[in-house]
Amino acid sequence: MSDPDRRLTRRDFLRLGVLAPALPPLLSGALSACFKREKENAVNFFNWSAYIGKDTLPAFSRETGIKVNYDVYADEEEMFAKLRSGALGYDLIVPTDYLVPRLKAAMLIAPIPMEGLKNLHNIDKRFLHTPFDPQQEISVPYLWGTTGIGYNKKLVSKPPTSWRALWDEKYQGRICVLDSARECIGISLLLNGCDENTTSEKDFEAAKALLLKQKPLVKQYTSTTYVDSLVAGEAALAMAYSGDVLQAIKENPHLDYIIPQEGSFLWMDCLCLMRGAPHPEQALQLIDYLLRPEVSADISNTVRYGTPNASARSQIEPTLRHDPRCYPPSSVMSRLRYHTPPDSEAYSLWNETWSDVKAL
Amino acid sequence: MLAPASLWLLAFLILPVASLLILGFTHRGAFGACEWVFTWDNFRRAMDVKYLPIMLRTVSYAGTATLLCLLLGYPLAYFLSFQAGKRRDLFLVLLMIPFWTSCLVALYSWIIILGREGLISHLLMRLGIISKPASFLGTPAAVILGLVYFYLPFMVLPLYAALEKIPRTYVEAAHDLGAGKFEAFRKVTFPLSMPGVMAGVILTFVPCMGDFLSADFLGSPRTYLVGNLIQNQFLMVQDWQFGSALTSLIVLFLITGLWARHIFEEQGVFEGEGEE
């Protein structure tokens, strides 16, 4: 009964036999292509998804003749896991502030020869010599943003002003929360009045209890799909990153974004050079290109995150430049701070706490 | 013949599982780096009672999905083997087609079907069963549906293979001896298909126990499974040691199950295998 099948298999084997002689040249071709990638006039750029201007990289290639091999990631911890497990060959990555010291400790990034960057002076002094890179030797600011609450105006009775809105039982099943130990535990510690530098188990237990109280209301822990949920009306409120919501507001004016009154976090995504980068010179050229005022302004106009480039500010679209949701006034800025880069022990506490919140 | 098979087993099963097991006994150093110091800590953490609810939830979802696969898959396999006739090959291909699409595409289409603006919500409104749009996402049923959708072929194919092996003369003999259609099925066909049922149940239950995509896309924070917990250790929190310990425990649990089945088999509970 299974005879027809058997004949088919045999025929397939014959077909394979015909193809087999063609395999070695194909394989060697592919292999040599892999090795050639190292020597070509190119730069291997590993960036957040949807985090660059539409014509930024093609324009760079047209001007310099350097090809950009562009890969993206949607989750930074996954990016870190990938790099740590040996995904080599990248020149340039875009980690967030708190990750920079960890990448440095893991010997994954190298000091950047800053003297080679003639456009570095464009960067606002406020964004240099930050807690995560006091010597300004290993990172170059790229874009910054804030963590706050995005919401669908049609689905909330009154605009949220406090983080407590994300604990409001009225919105049960319609709240999205970022899948991020850093943001969630950071905000819980803030609401509990604890110092973010704490390594006290008691503080983490309290933070965990607060998050577990929220859990029955949460629709999803997600860092990537919450904007879609807000747009579709599946979620009313979401813990959100400023630019993600501001991008969606352009098409969906019924969305809005606020920075809660209790204060929040700002963060800086930085350009970092990989240790052992195959094309360090081209990478440096690309960094310098991204520091040009007109390039930086175009990126900020596209992705709706803030540019740390002071000289670019005059070229930001006026509506965006004056939008307090993207560039908050100094009264709000004073309530924002960077996440403290955790040491190894604190890092374990943060991660185990967040892992348990999700699992329990 | 044994040597290539053993090499295959060594390279693709024993080495990966052994390295997971070893990793589970190492100490986690700074920021998730691996320190080659022996410790029981990871296994002790993995066996903490606080993870019991998530383990039980996983077993119950995987068990329900397997049962549903069996209930849906058996009639299908029976139809393919006994009734489909000439079009059988076509049906087998149709069965495999969902398998060729990327699982992410399949999951997104389920999100569209089950969502607030989705097909089911519209259908129920049209029928007057619900008055305003409802979302079916984020429920245990949605997660189990995802599991059944993905693993149904794993159930049907071994069932089909087992049913194919049954000599049709046995069924005819049963009829000759006065058994009705149902009785012939109950006393002859079904017992003879038991090896296929067993293989199908194992092939469905085992991957269901480790699945995380279904819960990730169709579930809510309240349908979190062991697969999600393990994935989280490897990709998000850089705790490969704890993830390895959890994985090893699941593998141990499944091996125990398979071993128990082997014992039953030795005792001849599943006769009919190898008779032809």
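Quick notes
- Output for the stretch A:97-131, where each listed residue is β-branched (V, I, T) and assigned to a strand (DSSP E or B): A:I109, A:I123
- Restricting A:K154, A:K170, A:K158 to those that are assigned to a loop (DSSP other than H, G, I, E, B) and either touching a Ser or Thr at 6+ places or on another chain (Cβ under 8 Å) or not polar (S, T, N, Q) (or both) reduces the list to A:K158.
- Test result for A:P324, assigned to a loop (DSSP other than H, G, I, E, B) and either in contact (Cβ under 8 Å) with a residue 40 or more places away in the chain or among the charged types (D, E, K, R) (or both): no
- Across the stretch A:222-232, the number of residues qualifying as facing another protein chain (nearest Cβ under 9 Å) and in contact with a helix residue (DSSP H, G or I) (Cβ under 6 Å, 6 or more places away or on another chain) comes to 0.
- Residues located in the stretch B:154-180, provided they are under 31 Å from the mean Cα position of the chain (by Cα) and surrounded by fewer than 20 Cβ atoms within 10 Å (Cβ to Cβ): B:A161, B:E164, B:K165, B:P167, B:R168, B:V171
- From the list A:E183, A:E205, A:E262, the lone residue that is away from chain B (no Cβ under 14 Å) and among the acidic types (D, E) is A:E262.
- Qualifying residue in the stretch B:137-149 (condition: part of a loop (DSSP other than H, G, I, E, B) and crowded, with 19+ Cβ neighbours inside 10 Å): yes
Table: residues versus (1) buried (at least 18 other Cβ atoms within 10 Å of the Cβ); (2) touching a residue at least 12 places away in the same chain (Cβ under 8 Å); (3) assigned to a helix (DSSP H, G or I); (4) not assigned by TED's automatic domain parsing to the domain that holds A:I187.
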{"site": "A:P278", "(1), (2), (3), (4)": "yes, yes, no, yes"}
{"site": "A:Y289", "(1), (2), (3), (4)": "yes, yes, yes, yes"}
{"site": "A:A297", "(1), (2), (3), (4)": "yes, yes, yes, yes"}
{"site": "A:S300", "(1), (2), (3), (4)": "yes, yes, yes, yes"}
{"site": "A:A312", "(1), (2), (3), (4)": "yes, yes, yes, yes"}
{"site": "A:T319", "(1), (2), (3), (4)": "no, no, yes, yes"}
{"site": "A:E345", "(1), (2), (3), (4)": "no, yes, yes, no"}
{"site": "A:L349", "(1), (2), (3), (4)": "yes, yes, yes, no"}
{"site": "A:W354", "(1), (2), (3), (4)": "yes, yes, yes, no"}
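- Residue that is nearest to A:M268 (Cα to Cα), among those in the stretch A:182-212 that are of a type in the set (K, R) and more than 23 Å from the chain's Cα centre (by Cα): A:K208
- Exclusive hit being in a helix (DSSP H, G or I) and at pLDDT 50 or above, set A:F45, A:F80: A:F80
- Residues located in the stretch B:222-257, provided they are among the small types (G, A, S) and over 18 Å from the mean Cα position of the chain (by Cα): B:G243, B:S244, B:A245
- Considering only residues in the stretch B:119-139 that are within 14 Å of chain A (Cβ to nearest Cβ) and at pLDDT 85 or above, the one that is farthest from B:G219 (Cα to Cα) turns out to be B:S121.
- With a requirement of 1 or more residues that are in contact (Cβ under 8 Å) with a residue 60 or more places away in the chain, the helices (runs of 4 or more DSSP H) lying completely within the stretch B:155-256 that satisfy it span B:194-210, B:213-218, B:226-231.
- Selection within the stretch B:27-61 - surrounded by 11 or more Cβ atoms within 10 Å (Cβ to Cβ), within 13 Å of chain A (Cβ to nearest Cβ) and assigned to a loop (DSSP other than H, G, I, E, B): B:G29, B:A33
- Within the stretch A:327-343, the set of residues being more than 14 Å from chain B (Cβ to nearest Cβ) and not in a helix (DSSP H, G or I) comprises A:Y327, A:P328, A:P329, A:S334, A:R335, A:L336, A:R337, A:Y338, A:H339, A:T340.
- You will find that of A:A59, A:A87, the residue that is on the phi < 0 side of the Ramachandran plot and either part of a loop (DSSP other than H, G, I, E, B) or in contact with a Lys or Arg (Cβ under 6 Å, 6 or more places away or on another chain) (or both) is A:A87 and no other.
- Taken residue by residue, the stretch B:259-274 has no member that is under 18 Å from the mean Cα position of the chain (by Cα) and among the polar types (S, T, N, Q).
- Among residues of the stretch B:6-31 that are on the phi > 0 side of the Ramachandran plot and touching a residue at least 60 places away in the same chain (Cβ under 8 Å), those with a beta-carbon under 8 Å from a residue that is polar (S, T, N, Q) and surrounded by 14 or more Cβ atoms within 10 Å (Cβ to Cβ) at least six positions away or on a different chain give the pairs B:F31/A:S344; B:F31/B:Q238.
- Identity of the residue in the stretch A:69-125, farther than 18 Å from A:W267 by Cα, away from chain B (no Cβ under 14 Å) and of a type in the set (D, E, K, R), that ends up surrounded by the most Cβ atoms within 10 Å (Cβ to Cβ): A:D91
- Single residue of B:G257, B:G196 found to be more than 14 Å from chain A (Cβ to nearest Cβ), more than 30 Å from A:S348 (Cα to Cα), crowded, with 18+ Cβ neighbours inside 10 Å and not β-branched (V, I, T): B:G196
The values are calculated or read from the model by the stated rules, or taken from the named source; none is laboratory data. It should be emphasised that the depicted structure is a prediction, and the values quoted were computed from it without experimental measurement. Note: ideal-geometry Cβ built from the backbone for every residue, glycine included; neighbour counts use all protein chains shown.
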